[in-house]
Amino acid sequence: MNDIDFFDLSAVLLLTFTLFLIIFIRFLIVSGVYHYTFFILFRKKFDKRILDHTPLKKKQLFKELYWSAISGLIFAFFAIAIYLLWSMGYTAIYLDINDYPLWYLPIGVFITLFIQDTYYYWIHRWMHKPSVYRYIHKIHHKSVHTSVFTAFSFHPFETVLQAIILPLIVLFIPLHFYAFLFTLLIMTISATINHAGVEIYPSGKYGKWFGKWVIGASHHDKHHRKFNYNFGLYFTFWDKWMGTESPKRIMK
C-alpha cells in the first residue's frame, strides 16, 4: 500500500471502495451473526433478556442498511486519512512491539476509548438540542426499537462527527498497530451490543458491577426510549458525573 499515489484520483477511489467493502461487510457479518445467535439460535435461552419483542419492520431494516452503507463509506474516507497521516509519519501508531512496554498495550486502548467516550458524550448531548436534533440526530432515533443494524444508522454529518475524533487521537496517543485494530473491533462490537435489543451481560454479582460501569443494551435502550438520559458511548462515567444516567436501570 505504500506505493499508492494519493494524488492519483483513481487509486484513491479504488482504495476507498475497497475499504468501504471491508468496513460494511464486516459490519453486516458481525451484526448478522449476533442477531442470528441471540434471536434465532439461542432465542429460548435469551427470550427473557430481549428488551422488546416487537418484530423488526422491513421498512426500518432497509432504512438502517441504507444509512449504514453511507456511514461505511464515510468511515472508509477517514480510514484513508489515518493511513495517509501514518504514511507521512504524523501519527503515534507504532509497529515495533518493543517501542513501548507490554503493559502499555491495554492502557493505550483504554485511553483511546476513554477519550472517544468523553468526546462523544458531549457531542451527543449537543446533538440532542432541538435546533440540532431535527437536522442530524433524528435519523438515528427513528429506530426507537433498535436492532443490530441501528449501530451504523446515522445522518452523514453525525457519522463525520463520530469519525473525526479517531484521526485526532492517533496523532497524539501511541498505539501499536494491532492495538489500533483491536480498538476498531471493540467499537464495532460495542455498537452492536448496545443496539441489538438483548441484554447479554450477566446479572450476578460481578455482572452487576460490570454493568454499573460499562454500557450495555439495557442502558442504551433507555436512551432511545427516553431521549434525555444515558448519553455515554462505552462507559457510564460521564452520565454518573453529570447526572444524566437514567434513574432506574434494567438488568434482566
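Within region 122-137, being part of a helix (DSSP H, G or I) and among the β-branched types (Val, Ile, Thr) holds for Ile123, Val132. Of the residues contained in region 80-88, one or more are found to be part of a helix (DSSP H, G or I), within 18 Å of the chain's Cα centre (by Cα) and farther than 24 Å from Lys142 by Cβ.
Is it fair to say Lys63 is out of contact with any helix residue (DSSP H, G or I) (no Cβ under 6 Å at 6 or more places or on another chain), over 17 Å from Thr192 (Cα atoms) and either part of a helix (DSSP H, G or I) or without any contact (Cβ under 8 Å) to a residue 12 or more places away in the chain (or both)?
Values: out of contact with any helix residue (DSSP H, G or I) (no Cβ under 6 Å at 6 or more places or on another chain): yes; over 17 Å from Thr192 (Cα atoms): no; either part of a helix (DSSP H, G or I) or without any contact (Cβ under 8 Å) to a residue 12 or more places away in the chain (or both): yes.
Judged against the criteria, Lys63 is not a match.
Looking across region 23-38, the residues that are aliphatic (A, V, I, L, M) and exposed (fewer than 14 other Cβ atoms within 10 Å of the Cβ) come down to Ile25, Ile29, Val33. Restricting attention to region 128-151, the residues being closer than 28 Å to Phe182 by Cβ and either among the hydrophobic types (A, V, I, L, M, F, W, C) or in contact with a strand residue (DSSP E or B) (Cβ under 6 Å, 6 or more places away or on another chain) (or both) number 3.
Of all residues in region 39-60, those satisfying the criterion of being part of a helix (DSSP H, G or I) and surrounded by fewer than 11 Cβ atoms within 10 Å (Cβ to Cβ) are Ile40, Lys44, Lys45, Lys48, Lys58, Lys59.
Residues satisfying the criterion are absent from region 97-112 (criterion: among the polar types (S, T, N, Q), touching a His at 6+ places or on another chain (Cβ under 7 Å) and assigned to a helix (DSSP H, G or I)).
Out of the residues in region 61-71 meeting the condition of being surrounded by 14 or more Cβ atoms within 10 Å (Cβ to Cβ) and not polar (S, T, N, Q), tell me which one is nearest to Val160 (Cα to Cα).
Let us first name the residues in region 61-71 that are surrounded by 14 or more Cβ atoms within 10 Å (Cβ to Cβ), namely 61, 63-65, 67-71.
Those left that are additionally not polar (S, T, N, Q): 61, 63-65, 67, 69-70.
Numbers: Leu61: 22, Lys63: 19, Glu64: 17, Leu65: 17, Trp67: 13, Ala69: 14, Ile70: 11 Å.
Applying the filter and picking the extreme gives Ile70.
The sole residue among Tyr104, Tyr135, Tyr100 that is without any contact (Cβ under 8 Å) to a residue 60 or more places away in the chain, over 20 Å from Ile189 (Cα atoms) and surrounded by fewer than 18 Cβ atoms within 10 Å (Cβ to Cβ) is Tyr135. For region 81-92, the count of residues that are without any contact (Cβ under 8 Å) to a residue 40 or more places away in the chain, over 30 Å from His195 (Cα atoms) and surrounded by fewer than 17 Cβ atoms within 10 Å (Cβ to Cβ) is nonzero. Exactly one residue out of Phe231, Phe182, Phe227 is within 19 Å of the chain's Cα centre (by Cα), of a type in the set (A, V, I, L, M, F, W, C) and modelled with pLDDT under 95: that is Phe227.
The values are calculated or read from the model by the stated rules, or taken from the named source; none is laboratory data. Quick caveat, the model's predicted, so the values are computed rather than measured. Cβ coordinates were reconstructed from backbone atoms using ideal geometry, including for glycine residues, and neighbour counts include every protein chain displayed.
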